[in-house]
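A short write-up of the structure that comes next.
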Amino acid sequence: MQLSDILMDGFKPQDKDSKSFKVIVLKYLRYWYWYLLGVILSFSLAYAYVQYATPEYPIASTILINASSKGSDFTQNAVYSDLENYQSIKLVENETEVLKSVSLMKLALEELDFNVSYFGKDNFLRDKESFGAQVPIKVVLHEYDSMAFFDKEMNTTFRIHIINEKGFELEDEAENREYHEFGDEIADQFGNFSIQASKSLTFPTTIIIKFNNPYALAGRYSSKLDVFLVNKLASVVRISLTDPVPQKGMLVLSKLIEIYNKEAVRNKNQTAMNTISFIDEQLTELTLELRNIEQKVGAFKRENKITQLSSDAQQYSYNSNLSKNQLSEYTIQLDILKSIEKYLMDQEVDYQAVPSSLTIQDQTLQNLISKFNELHMDRERMLRTTQPSNPLILNLDQQLTSFKRNILENIKNIQSGLEISRNNLLDRSNQLDIQSQKVPEIERRLLEISRQQEIKQEHYTYLIEKKEEAALSLAATTVSNSRIIDPAMAGNKPVKPNKMLILGFAFIMGLGVPVGFVFAKHQLSDKILLKEDVVSRTNITFLGEISRNPGKKPIAISENLRSPVAEQFRLVRTNLQFALPSHDNKIILVTSSLSGEGKTFFSLNLGISLSMVGKKVAVCEFDLRKPALMDYLDIEYELGISDYLQSDDVTISDLINRHKGHYGKMDLFGCGNIPENPSELMLIPKVGYFIEQLKAHYDVIIIDSAPVGQVADAFSLSKFVDITVYLMRYNYTSISMIDFLNENFQDKKLRNPAIVLNDGKPQLGYGYGYYQDGKEEKRTKNRRINQKPRKHVSI
């Protein structure tokens, strides 16, 4: 049993994961040129992007929002303590959302003249926006239709070619040019405009103007806006954005904060304004009633000639007035409750704030109305930035409906109690009326009229007081909703594009993509890519590797050639001395899995290598199906091995061929005519006789056979050989063929197999400087020793 048989017994392929770190690194480093190309390409794209991208500068401002659950500071003053119901609860989180809303940004931009943007050439890839004094012209809009911008085919960008100080040419996107003078009114789809020249006008020059869609402009600025809390324990908010023109960015932030404060004040005053409107309606009706009662009193006194009440009537009147005053208070309360109830009942879908400054004795009802108004104010504010179908709005609608129902139920309960108290008071008043029957009927009727007048007068006075309070609240809530801590300021250096980040990303992508490709190639490919793919799966002897032959010439080795391929053949020759048996005559079978793996190239150059050390070598072309040896060397011959095996008239001497270069002591035996039955021909006894005859005259016999992965010819020859060299080709031979080779070796179908890897790529760090270059080869030609031609061998 051979040593390799012992080693192969019970062999289990190694797991790929057991490879050393060095092997993995070298596997990836062999594609270093891909990584270099990827990094160069990525950096080129990154440079082009940096040149194309418009630099944007940071602009930021910090404000303090007056957010308190107890209302604003002025409500703590005793004079305004009754107006606390008009103050809403300020949540900083809600205010940050309001600041980021597109509608608020649109209101701010409407007050800024940003309808037109001006651009000039910055470099060969991008234009640079100019603003303010940097622009030598100004576009004046006379008529402006913002809805026209939704027409996608409308021209919104023009080029202004300034010819002289009087006129210019206007070029549209279709490159149509028209001459105009400065100040001429120009008509377009979105309106009429004119162009004015400034004092800093230079010519000739070209300026690009772009008319902005106000809706898209608001959305663009709002998307760039970043609003966040500086500290969770404080109501300090930082507002920031980036813009190619720092001056424009500062104007936008300043105007946004100004509009935010105006809107906040308007929202806070909404309840007070609703209360004043409600009281005005009540006063109009009450004034008419008072005027009618006063007219009745005057007419009654004139008709009955009454000037003052008698002493008894005054006494009864005094007692009755005490009761009537209480009755008046109850009546006022009932009227107020009925007014509020009617006000709420009239609101079916669109809720309005409930007047909360009217005197209500019941504290529970006051709290319900106050919370109802707070929810209403929150709903109105959110409707400015969201749709009615938003879940937050629907939730507020449900809460308002619930509070409305609770208020109405509470009003009914209070009304029931007041009705009972008023009925009791009416009973007492009736008793006083019975006692006052002694008073003349005229005086009694006068008292009744006067009593109605007093009730209405008190009601009128009460409404006037509450209107003054509401007006005072309206004037007091003009305090802004926020205070600016840091005004809008711009940075000196652009933050976009981030060159370091882009270059870092480009470096990562430049390496990552090729590495990923190499990883995918190794993971998805079923071909042999590395030496470790072979040695980790078998214990069969590994003779060496043969690199790719750069010249693609059939002869890759000569006496004085020190190329990498030549040295690798010398190394294989040395390794064969250890792998072959010790007897003198050595028969080497060269086979592979598939056609095209380099059997003929290896057999020829191995024979040359052995002949260079004084061995007599015979290279036999036993691939009787697809021979290539003689065609490979461009040698014309008449008879070959198949002719010898099929005819008794042909001798072995008739088969000997030599290359014109006379490579040492090497003879070539061609295939001959391709037989019809190559498999059967391999099994005849004459094949063994032919090999025995060659053994008698040659030191080494190299048999170039057909691939065992396709036909069984090599198995028939295996019994005659001492060693089988199994060729595998990088990126060509399937890894599954290693298992195929293992099975054949375990079944002893191939004699003493050894593996050679062909068509290898130069490894990183390979010492090519040690090998011979072209100049060295030329120098050594002059030092070659002339060899005497050997005599022809007769067999």
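The values are calculated or read from the model by the stated rules, or taken from the named source; none is laboratory data. Computed from a predicted model, the values in this text were never measured in an experiment. Note: ideal-geometry Cβ built from the backbone for every residue, glycine included; neighbour counts use all protein chains shown. Side chains included, ligands, DNA and RNA excluded: accessible areas come from the protein's heavy atoms. Shrake-Rupley method; radii C 1.70, N 1.55, O 1.52, S 1.80 Å.
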Report summary line: Requiring at least 2 residues that are under 22 Å from P55 (Cβ atoms), the strands (runs of 3 or more DSSP E) wholly within segment 110-222 are 116-121, 127-130, 205-211
Report task. Might you let me know whether segment 781-794 holds any residue that is within 60 Å of the chain's Cα centre (by Cα) and at pLDDT below 90? Result -> no
Query raised in the report: Residues in segment 157-178: is at least one surrounded by 14 or more Cβ atoms within 10 Å (Cβ to Cβ) and either at pLDDT below 85 or within 32 Å of the chain's Cα centre (by Cα) (or both)?
Result: no
Query raised in the report: Hey, among the residues in segment 573-585 that are at pLDDT 80 or above and open to solvent by 40 Å² or more (accessible area, probe 1.4 Å), which one's nearest to the chain's Cα centre (by Cα)?
Result: N575
Requested in this report: Name every residue in segment 19-60 that is hydroxyl-bearing (S, T, Y), open to solvent by 30 Å² or more (accessible area, probe 1.4 Å) and part of a loop (DSSP other than H, G, I, E, B), in order of residue number.
Outcome: S20, T54
Query raised in the report: Out of all the residues in segment 673-696, is one or more in contact with a strand residue (DSSP E or B) (Cβ under 6 Å, 6 or more places away or on another chain), farther than 27 Å from S547 by Cβ and not in a strand (DSSP E or B)?
Result: yes
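Quick check on P494: is it at pLDDT 75 or above, of a type outside the set (G, A, S), closer than 30 Å to N274 by Cα and within 54 Å of the chain's Cα centre (by Cα)?
Details: at pLDDT 75 or above: yes; of a type outside the set (G, A, S): yes; closer than 30 Å to N274 by Cα: no; within 54 Å of the chain's Cα centre (by Cα): yes.
The answer is no for P494.
Return the residue satisfying two criteria in turn: it lies in segment 423-436 and is open to solvent by 30 Å² or more (accessible area, probe 1.4 Å) and touching a helix residue (DSSP H, G or I) at 6+ places or on another chain (Cβ under 8 Å), and of such residues it is modelled with the lowest pLDDT.
Looking at residues that are open to solvent by 30 Å² or more (accessible area, probe 1.4 Å) and touching a helix residue (DSSP H, G or I) at 6+ places or on another chain (Cβ under 8 Å), I get Q435.
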Requested in this report: Return yes or no: is E597 within 19 Å of F542 (Cα to Cα), part of a loop (DSSP other than H, G, I, E, B) and either touching a Leu at 6+ places or on another chain (Cβ under 6 Å) or not small (G, A, S) (or both)?
Outcome: yes
Query raised in the report: Say we look at segment 613-647 and pick out the residues that are over 27 Å from S558 (Cβ atoms) and charged (D, E, K, R); which of these is least open to solvent (accessible area, probe 1.4 Å)?
Result: D643
Query - All positions within segment 488-505 that are assigned to a strand (DSSP E or B) and touching a strand residue (DSSP E or B) at 6+ places or on another chain (Cβ under 6 Å) - result: A488, A490, K496
Report summary line: Going through (1) open to solvent by 70 Å² or more (accessible area, probe 1.4 Å); (2) more than 30 Å from S323 (Cα to Cα) one by one, I420 fails only at (2)
Requested in this report: Specify which of the listed residues (P246, P204) is over 26 Å from N498 (Cβ atoms) and either surrounded by 16 or more Cβ atoms within 10 Å (Cβ to Cβ) or free of Cβ contacts under 8 Å to residues at least 60 places away in the same chain (or both).
Outcome: P204
**Report entry** Residues of segment 513-550 classified as open to solvent by 50 Å² or more (accessible area, probe 1.4 Å) and more than 25 Å from A579 (Cα to Cα), total
**Finding:** 9
